[in-house]
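These notes are about the structure you will find just below.
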Amino acid sequence: MKLKHFYLVFPLILSCSHQAKTCLTETEIETVIGKLKPAYENMIAKDAAPMNMERTCHKAKFSIDKYIIMVYSDAKNGGAHGRLVKDNGLRTEAEAKECLDTAITSLSRTNIPGFTELLRLHKNQNPEQWADPDIGPMNWVHCRAIGDEYWESIRTLAHELNHESVGPSCVYVMETQKTLCLKIPEDLPTISIGKVDLSFITHPAAKDFFQKLQTTYFEALNQPFNTLLDELNAYTVTNMTWRGELEFIGKDIVIDKEGHRAGFPLPYFLLTSANYLVQLKDQNPRLYRLTFRQTENGKITSMLLKRAEAEWLKTIEALKKNGSEVKDFEKALFEKYKALRREIKF
């Protein structure tokens, strides 16, 4: 079976000050764009340059290839923040509201557990964003697209709503409607120690995708460990939504007539999460023991790994049931994860 494509979104929320909501300064805008630069250069091109689209007191909007960079001041958290997202063409509040209403109806049809509560939680956490076409949840949806491209954006919406519904160091579990928060020691290494050797992936498009993914997440951004678990959690939701689309919307929107489908990043995030823990255990056994052995951090991490693993096994069954199959590189990623998982004790 051929690889159709991969997709990846970098919803980076970056703060460069802790002031109340004020007009953006040039320094704040330049700082946020500078933090986003490794991501957009890796995704687009080394010489990619943002083009100014629109500027107000609280927002600065730039275009770059097929993407939009938004820099904005945040009333809830304070400071200047930024995000990089694929341009969906929405420009007015009316367009955005209509698109979001359509997307919520579509997402509800997938029957993913906890969907209604997730929407309520996100809206309560981010009230100002819900009417804003630039930084609201409609940002992720491509209502002008058709077929798989539209439904792919519905998966992204579920993924990003899950990211944005809780604060830093926390993850939201939709099925149980619980928010779980880790306590990350200041001396815990960043996620770069979790990156893996990708030489075993022989499929050209898959290797290119995962190399870009790894370069961006584990080298250019290189954030704290809780962000890796947050990504694992969000990609678990992505797969849940994909299965919902397959079962309740129709096979043709996720697997085309020739058997092509998008590749799944979930096994990669299982592998890198496990590799992070193994590397930490080997490099600093004491810090690993204090942080993850018989601790709340360990309980949360173990649960999220088990949840993601269970979802991947459900995805495999769904593929088999619909005459499809797991790709060789997905199998290899998952097998390497299982080997590392046996080395981890919580």
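The values are calculated or read from the model by the stated rules, or taken from the named source; none is laboratory data. Keep in mind that this is a model prediction, so the values were computed, not measured. Here the Cβ positions follow ideal geometry from the backbone for every residue, glycine too, while neighbour counts run over all protein chains shown.
A quick yes/no check of all residues on (1) free of Cβ contacts under 8 Å to residues at least 24 places away in the same chain; (2) in contact with a helix residue (DSSP H, G or I) (Cβ under 8 Å, 6 or more places away or on another chain); (3) part of a loop (DSSP other than H, G, I, E, B); (4) among the acidic types (Asp, Glu):
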| site | (1), (2), (3), (4) |
| --- | --- |
| LYS46 | yes, no, yes, no |
| MET53 | yes, no, no, no |
| ALA60 | no, yes, no, no |
| ASN88 | no, yes, yes, no |
| LYS97 | no, yes, no, no |
| LEU100 | no, yes, no, no |
| ALA103 | no, yes, no, no |
GLU186 being more than 24 Å from VAL278 (Cβ to Cβ) and not hydroxyl-bearing (Ser, Thr, Tyr)
no
Here is a list of conditions, (1) more than 21 Å from ASN222 (Cα to Cα); (2) buried (at least 21 other Cβ atoms within 10 Å of the Cβ); (3) small (Gly, Ala, Ser), and GLY82 meets all of them except one; can you say which number that is?
(1)
Subset tally (residues that are in a loop (DSSP other than H, G, I, E, B) and either small (Gly, Ala, Ser) or at pLDDT 90 or above (or both)) for the range 66-86:
3
Scanning the range 38-50 for residues that are surrounded by fewer than 18 Cβ atoms within 10 Å (Cβ to Cβ) and of a type outside the set (Gly, Ala, Ser), the one modelled with the lowest pLDDT turns out to be LYS46
Restricting the range 174-190 to residues that are β-branched (Val, Ile, Thr) and in contact with a Pro (Cβ under 7 Å, 6 or more places away or on another chain), which is modelled with the highest pLDDT?
THR190
Going through the range 212-237 in order, the residues found to be touching a His at 6+ places or on another chain (Cβ under 8 Å) and not acidic (Asp, Glu) are ALA234, TYR235, VAL237
From the list ALA103, ALA206, which residue is small (Gly, Ala, Ser) and in contact with a Gly (Cβ under 9 Å, 6 or more places away or on another chain)?
ALA206
Taking the range 51-68 as the search range and keeping residues that are in contact with a Ser or Thr (Cβ under 7 Å, 6 or more places away or on another chain) and surrounded by 12 or more Cβ atoms within 10 Å (Cβ to Cβ), which one is nearest to LYS86 (Cα to Cα)?
MET53
Could you check the range 118-170 and list, in sequence order, the residues that are within 25 Å of ALA60 (Cα to Cα), of a type in the set (A, V, I, L, M), part of a helix (DSSP H, G or I) and under 17 Å from the mean Cα position of the chain (by Cα)?
MET138, LEU157, LEU161
Within the range 175-197, identify whether any single residue is within 16 Å of the chain's Cα centre (by Cα), of a type in the set (S, T, N, Q), in a helix (DSSP H, G or I) and over 28 Å from GLY250 (Cβ atoms), and answer yes or no.
no
Provide a single number: the residues in the range 256-301 that are in contact with a Pro (Cβ under 8 Å, 6 or more places away or on another chain) and over 19 Å from ASP187 (Cα atoms).
0
Among (1) modelled with pLDDT under 95; (2) surrounded by fewer than 21 Cβ atoms within 10 Å (Cβ to Cβ); (3) assigned to a loop (DSSP other than H, G, I, E, B), THR216 falls short only on (3)
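Yes or no, residue by residue, for (1) surrounded by 18 or more Cβ atoms within 10 Å (Cβ to Cβ); (2) at positive phi; (3) not small (Gly, Ala, Ser):
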site	(1), (2), (3)
LEU107	yes, no, yes
TRP130	no, no, yes
TRP140	yes, no, yes
GLY147	no, yes, no
